[in-house]
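Trainee: Next up is a structure, given as structure tokens.
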Amino acid sequence: MCAPHYLRANTVGGDLRLDIQISIDPDLFSADVVTRTSHRYTGEFAVDVRRDSTRYVVVLRPLLGRTLPPDIEGRFRNDLLDDRLRERIQVQTQTLHDVLARAALNESLRLAVP
Amino acid sequence: MKFLPPEAFAPLRGYHLLPLRFRRLPWDDAQVFATSLAGDWVILPRDVIDELVAGTLQDASQLADLEARHFLARDVRVSTMAPLLSQYRTRKRYVEGGPSLHIFVVSLRCHHTCAYCQVSRQTTSRTQFDMSPETARLAVTRLFESPSPDLTVEFQGGEPLLHFDAVRAITEDVVARNAHEGRQITFVLASTLHDLTEDHLAFFRDHAFQLSTSLDGPEELHNANRPRPERDSYRRTMAGIERGRRALGDDAVSALTTLTYRSLAAPEAIVDEYVRQGFHSIVLRPLSPYGFAKKTQARTGYGVGDFLDFYRAAFDHILSVNRNGYELEEGHAALLLSQLLTPFSHGYVDLRSPTGAGFGTVVYDYDGRVYPTDEARMLAAMGDHGWCMGRVDESREQWMRSPAMQRVIASGVAESLPGCSDCAFVPLCGADPVDHYARQGDAMGHRPSSDFCAKQLGLFDLLVKQLIEGHPADRATLERWAVQPRLRSLAPGPAAVVAS
């Protein structure tokens with residue numbers, strides 16, 4: 001699913017920091033799933049998402065004052081799997097969701113019509 | 001009579017998936033918390049969710065349980081969506097009612113100089129910051145334009161007792177007009193209670209007022225948080241509470257805390273103070289980034305992680321107090337528990353979607369300007385008038401068309417917001433566009449760094465963990481909070497709203 005990640009050291013503003021690069025198989029995860037999962041990490045990390053012909057690469061760099069958690073790859077992989085499952089749920093149920101919500105609130109919508 | 005062949009009564013294979021969301025348990029990532037469209041929830045192994053979505057789940061008891069909770073539908077020849085629709089409609093019932101909480105800021109004058117003050121304040125002599133009779137009259141006219149059958153009229157300030165004439169005039173005007181309106185009216189006074197007189201109390205008794213005050217904890221902490229020149233805020237507050245109880249009854253007087261950095265070191269002491277003073281409800285309210293609280297943030301502020309650490313300690317102590325036989329409820333937990341354990345909507349302005357800002361709550365400022373929440377008014381007091389809906393001499397229709405309400409509408413439906421739309425708690429939670437704007441500069445908000453989200457997730461996780469792993473006696477306590485809340489305005493049923 002994910003090719004082995006690697007850590008990369010870089011200097012930002014004079015500070016030495018580690019970031020992590022995670023490779024992702026595009027045959028298993030859609031672009032929407034990769035970006036949704038990456039977005040979840042934008043509170044703790046500066047996130048870069050790239051694509052080449054064979055893979056996505058997500059780079060997570062801890063924001064100022066934060067460190068790279070030891071379990072970060074495991075967390076990200078779990079979130080990718082979860083977001084892929086959410087995508088499948090949405091495909092199966094989105095239309096029904098809209099129909100049900102509209103049916104449930106139909107009386108309220110009628111009240112809103114002058 | 002002829003019967004169909006036995007095969008006709010055999011259960012169909014397969015099922016149809018219904019809308020659902022899920023979240024891994026932070027303390028056990030092999031399990032998930034899953035919610036249905038209407039907020040029914042279940043704890044499942046992560047691999048069972050995979051099977052469920054793949055259409056391969058076969059365990060009969062699991063299928064039956066998930067069908068009962070509206071995660072799937074089996075035989076479409078006999079299945080009906082009516083229970084799910086009814087549950088969803090019940091949870092969103094506040095959509096139909098219009099604003100039910102109307103806050104009248106009758107004066108900005110106050111005799112305190114609290115560093116964390118989340119309202120704009122003026123000294124007690126500056127009567128130009130009092131609400132005029134004409135503004136009050138027009139505000140009452142606007143109030144009755146709300147279609148809600150239940151209306152809460154809440155008086156705030158500054159210190160509303162410093163302009164009691166307006167409190168009396170507005171109350172009498174509301175009562176007079178309600179003679180032919182026939183609404184259910186609740187009056188609330190949010191006050192220090194330092195200036196209560198017998199005349200005030202008689203008036204409040206005649207109109208069944210609820211009194212809400214601040215008690216930050218033991219005397220030393222309360223006085224440090226809420227300084228007066230005489231340094232006796234705690235003594236005056238306790239005297240006011242006692243007088244209010246004698247005149248109106250114990251249940252008519254409630255208190256809540258505002259938590260400063262000092263408060264975080266004393267969770268048990270704060271809870272014990274409430275027990276000592278005979279309260280049966282406490283609201284542990286964190287600081288918000290408004291008014292003087294924002295200016296003094298470096299000195300009095302703290303992060304959401306610190307708040308959650310404090311809350312867990314206080315919560316554990318509150319459960320212990322209950323196990324020892326004294327009933328004490330935490331107000332915010334009671335709101336979240338009512339979401340978790342009942343299908344009813346409490347309509348609390350920050351915990352509903354669409355947001356309650358402007359739709360559930362209207363704030364009439366002393367100068368006639370109108371805001372969708374008290375926080376929006378505080379932003380205006382800090383110089384940002386972008387959330388002003390209009391004025392009391394304009395119609396509600398004009399307010400709804402205002403740029404402020406367009407911003408609210410665009411960012412006030414949690415199910416459509418990035419980060420919220422697939423959150424398992426979204427059926428039970430809400431959008432808070434004004435808070436996100438105040439903290440992040442963006443009404444839609446950035447959920448991964450949102451303090452509101454972090455707080456809500458932390459509290460929901462705490463309560464869910466307690467419900468599934470806690471002592472049976474503690475679970476009974478939490479169930480009681482959910483279905484029999486102490487604060488009357490939290491009672492389930494028609495959308496009832498409390499002030500934030």
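The values are calculated or read from the model by the stated rules, or taken from the named source; none is laboratory data. Keep in mind the model is a prediction, meaning the values are calculated, not measured. Every residue, glycine among them, receives a Cβ derived from its backbone with ideal geometry; neighbour counts consider all protein chains shown. For the accessible areas, the whole protein counts, side chains as well, though only heavy atoms, and no ligand, DNA or RNA atoms are used. Shrake-Rupley method; radii C 1.70, N 1.55, O 1.52, S 1.80 Å.
Trainee: Using a 1.4 angstrom probe on the protein heavy atoms only, line up B:LYS2, B:LYS455, B:LYS465, B:LYS92 by accessible area, largest first.
Mentor: Correct descending sequence by accessible area is B:LYS2, B:LYS465, B:LYS455, B:LYS92.
Trainee: Sticking with this one: For B:ARG276 and B:LYS465, what is the calculated FRET efficiency with R₀ set at 30 Å and r taken between the beta-carbons, to the nearest 0.05?
Mentor: 0.55
Trainee: Going by accessible area, probe 1.4 Å, with all protein chains left in place, what is the ranking of B:THR257, B:THR90, B:THR127, largest first?
Mentor: B:THR127, B:THR90, B:THR257
Trainee: Another question, if that's okay. Under 8 Å for C-alpha pairs, at least 6 residues apart: give me the relative contact order for chain B, rounded to a whole percent.
Mentor: Here the relative contact order equals 17 percent.
Trainee: Taking each residue in B:79-87, count the Cβ atoms of any other chain within 10 Å of its Cβ, then average. What number comes out?
Mentor: 2
Trainee: Also, quick follow-up: Using only protein heavy atoms and a 1.4 Å probe, report how much of B:ASP374 is accessible, in Å² to the nearest 10.
Mentor: Here the accessible area works out near 10 Å².
Trainee: Looking only at other chains, what is the average number of their beta-carbon atoms within 10 angstrom of each beta-carbon in A:99-105?
Mentor: 6
Trainee: Report the net charge of residues surrounding B:HIS207, where surrounding means a beta-carbon distance below 11 angstrom and charges are Lys +1, Arg +1, Asp -1, Glu -1. Could you put the intermediate results ahead of the total?
Mentor: On the way: positive: B:ARG168, B:ARG205; negative: B:GLU172, B:ASP206.
After counting each charged neighbour, the total is 0.
Trainee: Over segment B:40-183, calculate the relative contact order: mean separation of alpha carbon pairs under 8 Å at least 6 apart, over the residue count, as a percent.
Mentor: 25
Trainee: If B:TRP41, B:TRP387 are ordered by their accessible area, calculated over protein heavy atoms with a 1.4 Å probe, which sequence runs from highest to lowest?
Mentor: Listed by decreasing accessible area, they come as B:TRP41, B:TRP387.
Trainee: May I pose another question? Could you let me know the centre-to-centre spacing of segment B:32-96 and segment B:408-439, using Cα atoms, in angstrom?
Mentor: 23
Trainee: Another question about this same structure. Sort B:142-150, B:243-251 for me by packing, meaning the mean count of neighbouring Cβ atoms within 10 Å per residue, highest on top.
Mentor: Per-residue mean Cβ counts within 10 Å order the peptides as B:142-150, B:243-251.
Trainee: At a 1.4 Å probe, which residues in segment B:438-476 are at least 30 Å² less accessible with all protein chains present than in their chain isolated?
Mentor: Correct list: B:HIS446, B:PRO448.
Trainee: Another question, then. State, as an integer percentage, the relative contact order of segment B:324-467 based on alpha-carbon contacts under 8 Å between residues 6 or more apart.
Mentor: Working: 191 pairs, mean separation 29.5, N = 144.
It comes to 21 percent, rounded to a whole number.
Trainee: What full-extension length gain, to one decimal in nm, is calculated for B:GLN440 and B:ASP165 as 0.36 nm per residue of separation minus the Cα-Cα distance?
Mentor: 95.1 nm
Trainee: Also, quick follow-up: Grab the DSSP H runs of the protein assembly as shown that are 4 residues or longer, score each as -39,500 (n - 2.57), total them, divide by all residues and round the 222 nm result to the nearest 500 deg cm²/dmol.
Mentor: Details: 23 runs with 254 residues, N = 614.
Taking each H run of at least 4 residues, the total per residue is -12500 deg cm²/dmol.
Trainee: To continue, here is another question. State the dimensionless ratio Rg/Rh of segment B:219-264 (Rg: radius of gyration of Cα atoms; Rh: Kirkwood radius).
Mentor: Value, to two decimals: 1.04.
Trainee: Here is a follow-up. Could you tell me whether segment B:188-343 comes out rounded, prolate or oblate from its Cα gyration tensor? Rule is a ≥ b ≥ c as square roots of the eigenvalues, rounded for a/c under 1.5, then prolate if a/b exceeds b/c, otherwise oblate.
Mentor: It comes out oblate by the Cα gyration axes.
Trainee: Something else about it: Do any residues of segment B:91-109 lose at least 10 Å² of accessible area when the full set of protein chains is present rather than just their chain alone, and if so which, with a 1.4 Å probe?
Mentor: Buried by the other chains: B:LYS92, B:VAL95, B:GLU96.
Trainee: Give me the compactness ratio for chain B, meaning the Cα radius of gyration over 2.2 N^0.38 Å.
Mentor: Here the answer is 1.03, to two decimals.
Trainee: Mean Kyte-Doolittle of at least 0.5 and a Cα length of 24 Å or more along the axis: which whole DSSP H helices of chain B meet both? Don't skip to the answer; put the middle values down first.
Mentor: On the way: long enough: B:164-181 (25 Å, -0.18); B:304-323 (28 Å, 0.19); B:451-469 (26 Å, 0.63).
Qualifying helices: B:451-469.
Trainee: Using a loss threshold of 10 Å², tell me which positions in segment A:21-46 are less accessible in the complex than in their chain alone. Probe radius 1.4 Å, ligands and nucleic acids ignored.
Mentor: When all protein chains are present, A:ARG36, A:HIS39, A:ARG40, A:THR42, A:GLY43 each give up 10 Å² or more of accessible surface.
Trainee: Efficiency by 1/(1 + (r/R0)^6): what FRET value for B:GLN58 and A:VAL91, r their Cβ-Cβ distance, R0 = 25 Å, to the nearest 0.05?
Mentor: Plugging the Cβ-Cβ distance into 1/(1 + (r/R0)^6) gives 0.70.
Trainee: Rolling a 1.4 angstrom probe over the protein heavy atoms, how many square angstrom per residue are accessible across the protein assembly as shown?
Mentor: Per-residue accessible area for the protein assembly as shown comes out at 43 Å².
Trainee: If you don't mind, there's one more thing I want to ask. Carbon and sulfur atoms: what percent of the 1.4 Å accessible area of the protein assembly as shown do they account for? Display every interim value, and only then the final one.
Mentor: Values: 13830 of 26660 Å².
In the protein assembly as shown, the share of accessible area belonging to carbon and sulfur is 52 percent.
Trainee: What does the C-alpha gyration tensor say about the overall shape of the protein assembly as shown? Classify as rounded when a/c is under 1.5, otherwise prolate if a/b is larger than b/c, or oblate.
Mentor: It is prolate, given that a/c is not under 1.5 and a/b is the larger ratio.
Trainee: Taking the full set of protein chains and a 1.4 angstrom probe, give the accessible area of B:GLU219 in square angstrom, rounded to the nearest 10.
Mentor: Surface open to solvent at B:GLU219 totals about 90 Å².
Trainee: Just to be sure I understand: if you take the accessible area of chain B alone plus chain A alone and subtract the pair, with a 1.4 Å probe, what total do you get in Å², rounded to 100?
Mentor: 2400
Trainee: Kindly identify segment B:394-470 as rounded, prolate or oblate by the Cα gyration tensor criterion: order the square roots of the eigenvalues as a ≥ b ≥ c, call it rounded if a/c is under 1.5, otherwise compare a/b with b/c, prolate if a/b is larger, else oblate.
Mentor: Prolate is the answer for segment B:394-470, as a/c is 1.5 or above and a/b outweighs b/c.
Trainee: Next question, about the same structure. Accessible surface of B:ARG439 in the full protein assembly, 1.4 angstrom probe, to the nearest 10 Å²?
Mentor: Roughly 90 Å² of B:ARG439 is accessible to a 1.4 Å probe.
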